[in-house]
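Accompanying notes for the structure given below.
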Amino acid sequence: MTADATGPSIFSRIVAREIPATIVAETERVIAFRDVAPQAPVHVLVVPKSELYRDVVELAAGDPALLAEMVAVAQQVASAESDGQFRLVFNTGANAGQTVFHVHGHVLSGALEESRIGS
Ligand code: AMP
């Protein structure tokens with residue numbers, strides 16, 4: 001959720017160090033921390049520190065350089081924690097499984113399941 005009557009998003013509270021997370025990478029505008037419910041050997045969330053954009057479509061339209069920075073951080077995480085190869089998943093919309101409306105990419109790496117999109 002975004003900053004509205006309910007307050008800052010859970011990810012903004014992690015950025016502010018109000019709630020704990022295992023932070024694995026950080027730049028001026030991006031933070032990366034471990035997903036609390038990992039779905040792969042490496043499962044890290046890459047998140048802009050600003051919650052201005054709810055999803056990747058808004059982010060791509062509003063600040064493509066920030067999206068590119070998120071991809072670069074994802075690559076850094078996959079290289080540091082695995083073999084540098086990774087999936088980068090952006091759930092976009094509640095019907096697609098998005099639960100936190102502060103844009104974030106899931107970096108999935110390590111021994112992933114054989115199935116893949118398009119196969
Ligand atoms: P999505 O369903 O794409 O919106 O992804 C939200 C992700 O945030 C889920 O994979 C959750 O497990 C993860 N998550 C929720 N709260 C936390 C938290 N406090 N620390 C780390 N990951 C979290």
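Checking each residue in segment 8-22 for being in a loop (DSSP other than H, G, I, E, B) and under 15 Å from the mean Cα position of the chain (by Cα) picks out S9, A21, T22. Y53 meets each of the listed conditions (1) out of contact with any Leu (no Cβ under 6 Å at 6 or more places or on another chain); (2) aromatic (F, W, Y); (3) in contact (Cβ under 8 Å) with a residue 40 or more places away in the chain apart from (1).
Within segment 22-42, being closer than 12 Å to H104 by Cβ and not β-branched (V, I, T) holds for A32, F33, D35. In segment 29-39 there is at least one residue matching the filter, namely being surrounded by fewer than 18 Cβ atoms within 10 Å (Cβ to Cβ) and either more than 10 Å from the ligand (Cβ to nearest atom) or modelled with pLDDT under 95 (or both). Of all residues in segment 63-95, those being surrounded by fewer than 17 Cβ atoms within 10 Å (Cβ to Cβ), within 16 Å of the ligand (Cβ to nearest atom) and more than 15 Å from the chain's Cα centre (by Cα) number 2.
Could you grab me the full set of residues in segment 96-113 that are away from the ligand (no atom under 12 Å from the Cβ) and surrounded by fewer than 16 Cβ atoms within 10 Å (Cβ to Cβ)? Correct list: G110, A111, E113. If you scan segment 40-50, which residues turn out to be more than 8 Å from the ligand (Cβ to nearest atom) and either under 12 Å from the mean Cα position of the chain (by Cα) or in a strand (DSSP E or B) (or both)? Of everything in segment 40-50, those that are more than 8 Å from the ligand (Cβ to nearest atom) and either under 12 Å from the mean Cα position of the chain (by Cα) or in a strand (DSSP E or B) (or both) turn out to be V42, V44, V46, V47, P48, K49.
No other residue among E26, E18 is more than 13 Å from the ligand (Cβ to nearest atom), at pLDDT 95 or above, surrounded by fewer than 14 Cβ atoms within 10 Å (Cβ to Cβ) and acidic (D, E) apart from E26.
Take E81 and decide whether it is under 23 Å from R17 (Cβ atoms) and in contact (Cβ under 8 Å) with a residue 12 or more places away in the chain. Yes. Checked against the criterion of being of a type in the set (A, V, I, L, M) and under 16 Å from S9 (Cβ atoms), segment 100-116 contains one or more residues that satisfy it.
The values are calculated or read from the model by the stated rules, or taken from the named source; none is laboratory data. Quick caveat, the model's predicted, so the values are computed rather than measured. Quick reminder, even Gly has a Cβ in these numbers, built from the backbone with ideal geometry, and neighbours come from all protein chains shown.
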